[in-house]
Amino acid sequence: MAKADKKKAAKKVNFTELSDAELTRYHGDFRKELQEIRFSMVTSSYTNNARVGILKKDIARILTVQNQRQKQAGAAVKA
């Protein structure tokens, strides 16, 4: 029953609601975790291969939000 509670408690982070500093922190944390997973996959057997894809997608989401904010800021300056 504890496993089911953990799965329900883990919610997906909405990156659009985070501040720029939080996005940068998440980006760094995800990159570091991805690097550690890749290293462990080469040196030993890593069992959770799906985590790599999840991290890549989350990094892409963060970069998308950051780029959208930069474009909005650039458009606001031009207007």
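The values are calculated or read from the model by the stated rules, or taken from the named source; none is laboratory data. Here the structure is a predicted model, which means the values were calculated and not measured. Cβ placement follows ideal geometry from the backbone for every residue including glycine, while neighbour counts extend to all protein chains displayed.
In region 41-55, which residues are in a helix (DSSP H, G or I) and surrounded by 12 or more Cβ atoms within 10 Å (Cβ to Cβ)?
Within region 41-55, MET41, ARG51, VAL52, ILE54, LEU55 meet the criteria.
Which of (1) hydrophobic (A, V, I, L, M, F, W, C); (2) surrounded by 13 or more Cβ atoms within 10 Å (Cβ to Cβ); (3) free of Cβ contacts under 8 Å to residues at least 40 places away in the same chain is the odd one out, the single condition VAL65 does not satisfy?
(3)
Yes or no, residue by residue, for (1) modelled with pLDDT of 80 or more; (2) among the basic types (Lys, Arg); (3) under 14 Å from the mean Cα position of the chain (by Cα):
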| position | (1), (2), (3) |
| --- | --- |
| ALA4 | no, no, no |
| LYS7 | no, yes, no |
| VAL13 | yes, no, yes |
| GLU22 | yes, no, yes |
| PHE30 | yes, no, yes |
| GLU33 | yes, no, yes |
| PHE39 | yes, no, no |
| SER44 | yes, no, no |
